[in-house]
Structures are given as C-alpha cells and as structure tokens.
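Some notes on the structure that comes next.
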Amino acid sequence: MKIPTISALTFILLLTFSCSSSANDHDDFLECLSEKFHNYSSISNLVYTPRSSSFPSILLSSTWNQRYTTASTPKPQVIITPEHESQIPPIVLCARDNDMEIRTRSGGHDFEGRSFVSEDPFVIIDMIKLSQVTVNAEAKTAWVGAGATLGILYYSIAEKSPTLAFPAADNIIDARIVDVKGRILNRKSMGEDLFWAIRGGGGGSFGVIISFKVQLVDVPEKITVFNIHRTLQQNATQLIHRWQYIAPKFEKDLHLFINAGRTSYLTGVNSNQEGRNISLGASFYSLFLGRVDRLLSLMQESFPELGLVQEDCIEMSWIQSALFFQGFPIDSREILLNRTIPKTYVKVKSNYAQSPIPAEGIGGIWRFFYEREGENSPLIMYPYGGRMAEIPESETPYPHRNNLFHMSNIVYWQEEEAQNTDKYLSWSSRLYNYLTPYVENSPRASYFNYRDLDLGVNNPKGKTSYAQASIWGKKYF
C-alpha cells in the first residue's frame, strides 16, 4: 500500500497582486513579455495560452486533485515553464503591470488546487524545468530547484552518499526568490524576516521561490523499518490509546506513526466484507536510525503491547526506506525520478492534539470507516516530540511543535464517483466535527500547508468584512 503523504518538494507559494474589476486580455501580458525579453523567441516555446494545442496537457500535467479539473474550474490565461531563473522576473513584472495574479506550481500537490486555480485573471509559472538538485556531499548541503520533487531530491542525495539525508524544512539554510519588484534575492539580500517567513509560511505574498539550499544530516548505513497491522480484534483501539502516551517521548532516532482505517485499504488485501463485518484496524509504521536489535530493545521497554518481533523488522539503507514507505520495491530507486502524479479526487483536513484522546473517543472514530465513503480514507497520526520539540517554536513559522501529535484525515474517491463528491466532502466534515472535543482548541489549529478552504476564504472580489470573517473565525475559539 502506498502511504498517503506529501511526496513532493512543494514549496508552492502564491504571489498575489491587487486585481482590477475588469481583467486585462492575456494579449497585453504577452505584449509586455515581448517588450521585457529583447529576444522573445528565446522563450516563446515556453509560453502556452488557451490557443496552444498543448495547453490542456500542460495544465493537467501537474494536477493531483481532480476536484479542480472540471470544465467550470477557472483556467489560467497563460502558462509559462521557465528554464532559467533570469526568465522569471519579467513574468512577475508583466503580471503586476497587467493586474494578473500569479500561481507558482511546483509539484502540483496543493490540496485545494491553489497552485493552479484562481478566481481572478492569472498566470501559472510552472517550475517543472527548474528541478535541478546539486549535492555537495563534503559540505553536507544541496541546492534544490523549486520544481524538484522529494523523490528527485532523495535520489540525488543517494547518488552522492548513502549516509546523508534531508529531514525537513527546518534544515533550509538559504534560498533564492523573485520579489514583487522583479529582484532575485538570496538570504542575505532579502533579510532574515523574509527568510523566516518563507520557511514554512506557505501560500503568502512573499514571492516566487527559485531554489532552496538545505543542510543534510548524517544517517547510519543501515536503519530499521517495520509495518505491522493490528485489527480491532487485536486491540487496535487500546494500542492507539497507548501510543499517544509514549510515541512523543521516544528517543529522537525512532519515529512511529499510525495509519488507521479499513484493513483492506491499509494492507492492500481486498475482501468482500460488508457492513459491520468490514475489518478495521491500524497499521504501525516505524523508521529507526539504528539496527534491529536496538529497536527491539526500545520497543520491548516502551511499547511491549504492540508485540513487535524480529521477523516484523527489515534492515535497509535510508534511501531504501523512502521507497519502502511509498510501497515501491526498495531496490528500484529510479522510481523516485518519476513525476507522474496519480489522479484522484481528495479532501484533506488536519488537527493537532495537545492531550491524549480517551479510549472511548478513539472507539467512536471507527464507525466512520464502516460507511462507504470511508473505504479509502485513512486517518494518519504523526507523533511530535524528539528533534521536533528541540527546535524553538519561533525558529520558523510553524507554531505547532509543542503538540503531542498531528492528525490528518484524508478521503479519496475516483472519477466514477465524481457525482457523489458532496457525500465524500460531508464524510470528511463529519469526522472533523467529531474530533472537535479531542483536539487543540481556542484556537483550533490546522497545518497551513494542508490546505483546507473550509477554514474560510476571502471574497473573490472586494474586501472581506469582519462580520463575514467572524462566521468561520469564531468557531475556532
């Protein structure tokens, strides 16, 4: 089974300008480009308009969530796929001068399609051709183009060293960005405030990220992983309840997360069960930066209830673990270079827990997975603590480090079920509402980059009043 994660390097930022009430024709934008580029023919093959025969394929090439690919979904007036950073400033300036919004698309994994959809006239800067990764193994750093996926980054690191890895955005140490004035800035020239903001601030009006410099970390030649499933009959509820108390306190070399839902979805083994006969449970996934004997000792000491045995564990390299957790053959690392995005309909909602959910609260979650909409709908629980808790809350714009764990409930459906989209969205909302008493509140918290427009949106046109905003704002306090 492929674990639903965010597998792409999605430093996807929205660059928003004030828009006039009447949209300019895209011909004005193209005329501006021809003036900015003294040799416009040098980029003409990188510019796509609705008149271009390849426009639909380029638009859909990096669109994951099919909810935003309907005929009624707003389309860009222009798509540009720059090949060099010097080609981006003129695009920014021309968009600004023609009152057009910019959507910057990297991997196309924005949960609500905000990297390729806008209610106002807009242009897409598709970063797919700026995906180069340059690894300096001696310095333990890498420059990563904004169009690179995590797979490309992981592959590039592994090609240089089997004992280096990239852990998280906390390890970004420099960046190159195009601001609203068309200037290309690095960390020094942009200043520490802006550099702080782009390291996790998500879709704000910061600029177009060109590339990031990341600090790599040492990992052992061999690490240990496991994936074991426990059904309700095997005490899955009690195991999840116990996990809440111990997973955030594990030593920082051990990460143990949970994927809960239907057994058939989690294990990939189909069944013909229906109604209350459907098997439900939780899969426990672990990555340990050490050998199996040490892992078994830690688990026996802290979580013996799980019943982990040596046969459940596999020792492998770090890059093999990246393949393992995506459900790929662990010796086929070239798969990581594949940019093909599985097309699906999806809705994601997220929560944080500051205290353990009582066993009866966990027990009440299972009823949602008996419903039809819960067939391919995991609830993922990631523990915090460890290295996450060592980093000051103000270090980056990510104020969630002091929680016990993060939860994301994801619902998937396919094109043949598109007419039932409202039912799937309702299922997602009902589960989200059920969790309300058990998660962080006053204010209720959600991960910004797990985009969820249910949290509230501004008016597509004109200003949004305080009274309007309070309708959705107050319910989170």
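The values are calculated or read from the model by the stated rules, or taken from the named source; none is laboratory data. Everything quoted here is computed from the prediction, not taken from an experiment. Please note: Cβ atoms are built from the backbone with ideal geometry, for glycine as well, and neighbour counts cover all protein chains shown. To get the accessible areas, we keep the full protein, side chains included, count just its heavy atoms, and leave off ligands, DNA and RNA. Shrake-Rupley method; radii C 1.70, N 1.55, O 1.52, S 1.80 Å.
Ranking of Lys461, Lys213, Lys188 by solvent-accessible surface, largest first: Lys188, Lys461, Lys213 (1.4 Å probe, protein heavy atoms only, all chains present).
Report, to the nearest whole %, how much of the accessible area of the chain belongs to carbon and sulfur atoms, 1.4 Å probe, protein only.
On the way: 10510 of 21280 Å².
Carbon and sulfur together cover 49 percent of it.
By how many degrees, between 0 and 90 and to the nearest 10, does the Cα long axis of helix 292-302 differ from the longest principal axis of the chain? Its long axis makes an angle of about 70 degrees. Averaging the sequence gap over all C-alpha pairs within less than 8 Å and six or more residues apart, then dividing by the number of residues, gives the chain a relative contact order of 16 percent. In this structure, the amide hydrogen of Arg105, modeled 1.01 Å from its nitrogen in the peptide plane, lies closer than 5 angstrom to those of Ile125, Asp126, Met127, counting only residues at least 5 positions away or on a different chain. Under a Cβ-Cβ cut-off of 12 Å, what is the net charge of the residues other than Ser302 that fall near it, where Lys and Arg count +1 and Asp and Glu count -1? Overall, the nearby charge balance is -1.
Cross-link partners of Lys347 among lysines, defined as those whose alpha carbon lies under 20 angstrom from its own and excluding same-chain residues fewer than eight positions apart: Lys2, Lys423.
Sequentially through the range 410-425, phi angles give Karplus couplings (6.51, -1.76, 1.60; θ = phi - 60°) of 10, 10, 10, 8, 10, 4, 5, 9, 4, 5, 9, 3, 4, 5, 5, 5 Hz, Gly and Pro residues having no value and appearing as x. Computed from backbone phi with θ = phi - 60° and the Karplus coefficients 6.51, -1.76 and 1.60, the 3J(HN,Hα) list for the range 182-188 is x, 8, 8, 10, 10, 4, 5 Hz; x is used for glycine and proline. Tyr154 sits with roughly 50 Å² accessible to a 1.4 Å probe, with DNA, RNA and ligands left out of the calculation.
Reported to the nearest whole Å, the Cα centre-to-centre distance from the range 326-370 to the range 177-228 is 24. With respect to the cross-link table entries Lys140/Lys252; Lys36/Lys129; Lys249/Lys474; Lys181/Lys463; Lys75/Lys188, which display a Cα-Cα separation exceeding 27 Å? Lys249/Lys474; Lys75/Lys188, as the Cα separations exceed 27 Å there.
Run the helix sum for the chain: -39,500 (n - 2.57) per DSSP H stretch of 4+ residues, divided by residue count, reported at 222 nm to the nearest 500 deg cm²/dmol. Spell out each step's value before the answer.
Values: 14 runs with 122 residues, N = 477.
Rounded to the nearest 500, the figure is -7000 deg cm²/dmol.
Loop-located chymotrypsin sites (Phe, Trp or Tyr not before Pro) in the range 202-242 (DSSP state other than H, G, I, E, B) with a sparse environment of at most 13 neighbouring Cβ atoms within 10 Å are absent. Between 0 and 90 degrees, the angle of helix 359-370 with respect to the longest Cα principal axis of the chain falls at about 60 degrees. What is the distance in Å between the Cα centres of the range 47-114 and the range 424-477? If you average the Cα positions of each part, the centres end up 27 Å apart. Sorting Tyr345, Tyr466 on solvent-accessible area from highest to lowest, probe radius 1.4 Å, gives Tyr466, Tyr345. The Rg/Rh ratio of the chain, with Rg taken over Cα atoms and Rh as the Kirkwood radius over Cα pairs, comes to 0.97. Taking θ as phi - 60° and the Karplus parameters 6.51, -1.76 and 1.60, the scalar couplings of the range 140-152 work out to 6, 9, 8, 9, 10, x, 5, x, 6, 8, 4, x, 5 Hz in sequence order, x denoting glycine and proline.
In what order, largest first, do Arg230, Arg430, Arg401 sit by accessible area if the probe radius is 1.4 Å? Display every interim value, and only then the final one.
Details: Arg230 45, Arg430 90, Arg401 5 Å².
My answer, sorted largest first, is Arg430, Arg230, Arg401.
Asp99 contributes an accessible area of around 50 Å² to the protein surface, as traced by a 1.4 Å probe with all chains present. Hey, what angle do you get for helix 236-246 against the long axis of the chain, alpha-carbon based, 0 to 90 degrees rounded to 10? Computed tilt is about 70 degrees. Taking all protein chains as shown and a probe of 1.4 angstrom, Glu395 keeps an accessible surface of around 90 Å².
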